[in-house]
Amino acid sequence: MRTFPPYRSQVVAEIPVTTRAEREQALAAAGYNAFNLPANKVSIDLLTDSGTGAVSTAQEAAAAAADRSYAGSDSFYRFRDALRELTGYPHLLPVHQGRAAERVLFSSVLESGRISVSNTHFDTTRANVELLGAEAIDLPCAEFGDLDSLEPFKGNIDLDALERLLSGPDGARVGQVLLTITNNGGGGQPVSMANLAAAAKLARAHGVPVFLDAARFAENAWLVIQREAGYADKTPREVAREAFGLVDGCVASLKKDGIAPMGAFIGLTDPELAQRCETNLIATEGFRTYGGLAAHDLDRVAKGLQEVVDPHYLAARAGEAARLARQANEAGVDIVQPPGIHALYLNAGRLLPHLTASRFPGHSLACELYLAGGIRCVELGSLYLGTLDEQNELITPAPFELVRMALPRRVYTQGHYDYVAEILGDIAKNPEQVPGYRIVEAPKILRHFNLRMAPVH
Ligand code: F0G
C-alpha cells in the first residue's frame, strides 16, 4: 500500500534551539539525568511516546463539548462505547493512567506471596506487583536474546517456561498471567496472536486469569497484520478485537494508542472482579463514570481510539520507525531488530565497546545525543536494570546496554528524524570520544528518575 501520514499540521509548537554550551550547562545542572532536564532545553524529545502525541482537531472539538457531570456524563458514555466497540468487554472502568489501572486490578487479583508472570512487566507494572508483596516474573521468549535476529515476534512469552512454572511447585502461587503488547521492556517487539492464544489456554488450564497490558494494542495489531500468517487481510480493529477476546481482561494506558494526553482503562469480562475493582476505583481514583479523568480527557480518548486503528495512520507510523531504523544502521548504529513501531532501541553496548557496563554505555550514548543534538532519550541498560552495591558500584550488569528512542505520535516529521540520524552519524564517526559515567547518587527504588551522575574523562 502506498501511503502518507493521513493528517497535517494545523497548529504548531515552537522547538527550543540551544547551543552546545547551553546544553552542557543544562545537563550538568541536571546531574546528567535526562529526567531532570527542563523541556525547554530539549529540541527533539524522544524520552517517551506516552501522553506526547499530537491531538487532532476532532479530538479538540470533542473535548470542547465535553460533559463535566459527576455521574453519568455523556463524555463517559462516549468513552465507554468506544472501548466496548474496540474490546467487546462488558465491564469498562476509566482510570487516570496506566499505573492506576495496574494498582486497582492487581490489588483485586494478587496478594503477598502470589506471582505475576509476564513476557516482560513494564517498570510501573512490576512496581505495582511488588508493592503488594507479590513477585513479578518475566519469561521473555528465547528469540529476544539475539538483538540482531529478524524473528518477527520477539515480544512473545516463553510458552515452555510458562508451562513449567504453572505445573511446577510454584504453580499454585501464580495469581495472573499478564501479556504486554507490544513488549515495551523487551525492545518494543510484538506478541503474535498464536502466542497470546497459547498462553491464554495454558493459564486457563491452570485456573489462572490472563490479562493484557494493552497500552500499544493498535501497533501490536499492525505488526500482526504485517508479520503473522493468516492476518494480512484483517483490519487493525479486527485483530485488536480478537486479541482482547482471547483473554479475561486488560489494563491499558491510553496515553499511547489512545493518542490522548491522559487516560487509561480497565476492561473485564468477570462481573464479580469488575465489582471489586469498581469499589477500589471509587475509593481511590474517582467515581465509576470518570475515574480520575477530566471529561475532556474521556472525549479525547473516545476519538483517539477511532483514529489510532486507521490503517493509513499505522502504515505511516510504522514506515517512519522503519526508515529511522535504516538511517541509524546506515550511520553505523545497530538497533534491536526488527524495528517495532513506538521506539527504536539502539545497541549502545556495541557502539561504545571502550566502555564497560560499569561505565554505563547506554547512559553515555543518551547523554551524547543530548549534548551533540539536544535529543532526549532514555537508557535501558545496566543503569536501569543492573544491580548495585551499597557504594553504588555495579555488581550485576543488564543483559544489554540499550537506549530507547521513543517516537511520539504525529509529532515529528521526516525532517526531524533526518536530523536525529545525522546526529547519530556524527557520534558514530568517533564513538571512542564518548565518555563513560559514574553514579554520584542513587535512590534505592525507581532509581533512574532521581539518579545523579558524573562523566569520567
Ligand atoms: N504499561 C506499559 C507497557 C507502558 O509502556 C506504560 C508506560 C505503562 C504500563 C504505564 O502507563 O504511564 O499511563 O501510567 N509507559 C511510558 C513509557 C511511561 O515511556 O514507556 P502510564
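The values are calculated or read from the model by the stated rules, or taken from the named source; none is laboratory data. Just so it is clear, the model here is predicted, and its values are computed rather than measured. Because the Cβ atoms are built from the backbone with ideal geometry, glycine has one as well, and the counts that use them run over all protein chains shown.
Residues to consider are LEU110, LEU150, LEU92; find the one that is closer than 30 Å to ASP74 by Cβ, touching a residue at least 24 places away in the same chain (Cβ under 8 Å) and of a type in the set (A, V, I, L, M). Explain how you work it out, then say what you get.
Numbers: LEU110 fails: closer than 30 Å to ASP74 by Cβ; LEU150 fails: closer than 30 Å to ASP74 by Cβ.
The unique qualifying residue is LEU92.
Say whether the condition of being in the same structural domain as ALA28 (by TED's automatic domain parsing), at pLDDT 95 or above, touching a strand residue (DSSP E or B) at 6+ places or on another chain (Cβ under 8 Å) and at negative phi is met by at least one residue in region 315-324.
yes
Yes/no matrix, rows are residues, columns are (1) away from the ligand (no atom under 16 Å from the Cβ); (2) surrounded by 20 or more Cβ atoms within 10 Å (Cβ to Cβ):
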position	(1), (2)
TYR313	yes, yes
ALA322	yes, no
ALA325	yes, yes
ASN329	yes, no
VAL333	yes, yes
LEU346	no, yes
HIS354	yes, no
GLU368	yes, yes
VAL378	no, yes
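Do we find that GLU143 is crowded, with 16+ Cβ neighbours inside 10 Å, among the acidic types (Asp, Glu) and within 19 Å of VAL224 (Cβ to Cβ) in this structure?
Taking the combined requirement at face value, the residue satisfies it.
For region 249-284, give me the residue count where each residue is surrounded by fewer than 22 Cβ atoms within 10 Å (Cβ to Cβ) and part of a loop (DSSP other than H, G, I, E, B).
Counting residues in region 249-284 that are surrounded by fewer than 22 Cβ atoms within 10 Å (Cβ to Cβ) and part of a loop (DSSP other than H, G, I, E, B) gives 4.
Out of (1) outside the structural domain of LEU371 (by TED's automatic domain parsing); (2) under 30 Å from CYS367 (Cβ atoms); (3) among the basic types (Lys, Arg), what's the single condition that is false for ARG103?
So the condition that ARG103 fails would be (2).
The conditions are (1) over 26 Å from THR48 (Cβ atoms); (2) assigned to a loop (DSSP other than H, G, I, E, B); (3) among the basic types (Lys, Arg), and ARG164 fails exactly one of them. Which is it?
For ARG164, the exception is condition (2).
Which one of TYR70, TYR7 is modelled with pLDDT of 95 or more, of a type outside the set (Gly, Ala, Ser), within 30 Å of ARG276 (Cβ to Cβ) and more than 16 Å from the ligand (Cβ to nearest atom)?
Sole residue among the options that is modelled with pLDDT of 95 or more, of a type outside the set (Gly, Ala, Ser), within 30 Å of ARG276 (Cβ to Cβ) and more than 16 Å from the ligand (Cβ to nearest atom): TYR70.
Scan region 344-354 and give yes if some residue there is among the charged types (D, E, K, R), within 24 Å of PRO5 (Cα to Cα) and modelled with pLDDT of 95 or more, otherwise no.
There is no residue in region 344-354 that is among the charged types (D, E, K, R), within 24 Å of PRO5 (Cα to Cα) and modelled with pLDDT of 95 or more.
Got a number for residues in region 387-402 being in a strand (DSSP E or B), at pLDDT 95 or above and either closer than 16 Å to GLY319 by Cβ or in contact with a Pro (Cβ under 9 Å, 6 or more places away or on another chain) (or both)?
Of the residues in that region, 0 qualify.
From the list THR48, THR52, pick out the single residue that is touching a Pro at 6+ places or on another chain (Cβ under 6 Å) and buried (at least 17 other Cβ atoms within 10 Å of the Cβ).
Only one candidate qualifies: THR52.
Take region 213-241 and flag every residue that is more than 12 Å from HIS342 (Cβ to Cβ) and in a helix (DSSP H, G or I).
ALA221, VAL224, ILE225, GLN226, ARG227, PRO236, ARG237, GLU238, VAL239, ALA240, ARG241
Using the structure shown, decide if SER192 is among the hydroxyl-bearing types (Ser, Thr, Tyr), over 20 Å from GLY113 (Cβ atoms), surrounded by fewer than 24 Cβ atoms within 10 Å (Cβ to Cβ) and away from the ligand (no atom under 16 Å from the Cβ).
yes
Would you check if there is a residue in region 233-248 being surrounded by 24 or more Cβ atoms within 10 Å (Cβ to Cβ) and either among the basic types (Lys, Arg) or touching a Lys or Arg at 6+ places or on another chain (Cβ under 8 Å) (or both)?
no
Answer yes if at least one residue in region 78-93 is within 15 Å of the ligand (Cβ to nearest atom), at pLDDT 95 or above and out of contact with any Pro (no Cβ under 9 Å at 6 or more places or on another chain), and no otherwise.
Yes - at least one qualifying residue is present in region 78-93.
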